[in-house]
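In what follows, a structure is listed as structure tokens, so that the remarks can point back to it.
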Amino acid sequence: METLYLTHPACRLHEMGDWHPECPARLDAISDQLLSSGLMPFLVAEDAPAVDAADLARVHDPDYLAGLTARSPAEGHVPIDPDTLMNPHTLEAARHAAGAGVAAVDAVMGGAHQTAFCAVRPPGHHAEGNRAMGFCFYNNVAVAARHAIDVWGLTRVAIIDFDVHHGNGTEAIFAGDERILMCSFFQHPFFPNSGTEAPAHNMLNTPLPAYSGGDAVRPIVTDRWLPALAAFKPELLLISAGFDAHREDDMGQMGLVEADYAWITQQLVSVADRHAQGRVVSVLEGGYNLSALGRSVVAHIRALAKL
């Protein structure tokens, strides 16, 4: 069964200035590598729909959502924080980014596909229920998880986050929620300087020092994640797929390579095959070295699609 590949042209229209690393060229780097690798013909590519207001409201405070709409500029840029800015197309892009995760959940739960990758931006895992930060406006994976729970009736959803930065927004939204198991590693100390202070019992956080590579990450997966996931028996796996822990990415100081992302993805696909009827939805988060990002996404999708 072919892997679903969701993106949308609007996701290229959001930009925060020529200086900003979270740029439209990220999606071009991914599509270019997918074409040059010969992988694209094995995927089913579709445009991501815009998210429904009801799906956003399951995760985000109504006043926060209204405030973002009110601040959306007619031209130029409006800063939310020094690194997070809105342009006239930001919310349209964010609605399609969140809508991609929802549509992917519907596709895998409905049986049209077993796995899906959402090549979307802006990213989401730093967005809290009432706060935009860290390049993020809507928490795409959290919106997808709540859709799976509230619309599809799931009671065990696993979220795996391998971005170099801790997914503070996702943790804040789901801390203590028995229906969610979140597994993550992240560089620490590092932005957003969270995830280490008495995390909730459903948060399996592993902070790692700078310059950690695959030799540090793989035992975390085998010794911590896989036993926890086996005990949890997830009905669906969601991945916050950040590729900025790559050794070529200057946004972090970790040392992963494409083979590490492929190996991690293979382990997660095996968990999904055992417990979740193979259902995996992966949503792009970070990754800012364009070449490393494109190559890593190819390795990740190849493992998702079992190619």
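FYI, it's all coordinate maths here, none of it is from the lab. Remember, predicted model here, so these are calculated numbers, not experimental data. Because the Cβ atoms are built from the backbone with ideal geometry, glycine has one as well, and the counts that use them run over all protein chains shown.
Where in the stretch 76-94 does the label zone of Asp18 land, with the point 7 angstrom along Cα→C-beta and an amide N cut-off under 19 Å? Label zone hits: 76-78, 85-88.
Taken as Cα centroids, the stretch 120-198 and the stretch 235-307 sit 16 Å apart, rounded to the nearest whole angstrom.
Beta-bridge orientation, the stretch 3-304: approximately 10 percent antiparallel, per DSSP, counting only bridges with both partners inside. Using a Gaussian network model of the chain in which every pair of alpha carbons under 10 angstrom is joined by a spring, one finds that among Val257, Val78, Val221 the greatest mean-square fluctuation is at Val78. Applying a DSSP loop filter and a limit of 12 other Cβ atoms within 10 Å to the GluC sites (Glu not before Pro) in the stretch 1-110 leaves Glu75. With θ taken as phi - 60° and the Karplus curve 6.51 cos²θ - 1.76 cosθ + 1.60 applied, the whole-hertz 3J(HN,Hα) list for the stretch 218-227 is 4, x, 4, 5, 6, 8, 10, 5, 5, x Hz, x standing for glycine and proline.
Between the entries (1) 34, 57, 10, 0; (2) 23, 45, 24, 6, 2, 0; (3) 38, 60, 2, the label attached to P(r) over Cα pairs in 20 Å bins from 0, in percent calculated for this structure is (3).
How much FRET efficiency would the formula 1/(1 + (r/R0)^6) give for Val151 and Ser36, where r is the Cβ-Cβ distance and R0 is 30 Å, rounded to 0.05? The value I calculate is 0.20. Label point of Lys233 set 7 angstrom out along Cα-Cβ; within the stretch 156-186, amide nitrogens under 14 Å from it belong to 156-157. Restriction of the GluC sites (Glu not before Pro) in the stretch 186-261 to DSSP coil positions whose beta-carbon has at most 13 other beta-carbons within 10 angstrom yields Glu197.
Taking label positions 7 Å along the Cα-Cβ direction at both Tyr211 and Ala198, the computed distance is 3.4 nm, reported to one decimal.
Report the FRET efficiency, 1/(1 + (r/R0)^6), for Arg224 and Asp83, where r is their Cβ-Cβ distance and R0 is 30 Å, rounded to 0.05. Working from the Cβ atoms, E equals 0.45. Considering the chain as a Gaussian network with a 10 Å cut-off on Cα pairs, which listed residue, Val44, Val283, Val105, attains the greatest mean-square fluctuation? So, out of Val44, Val283, Val105, the one fluctuating most is Val44.
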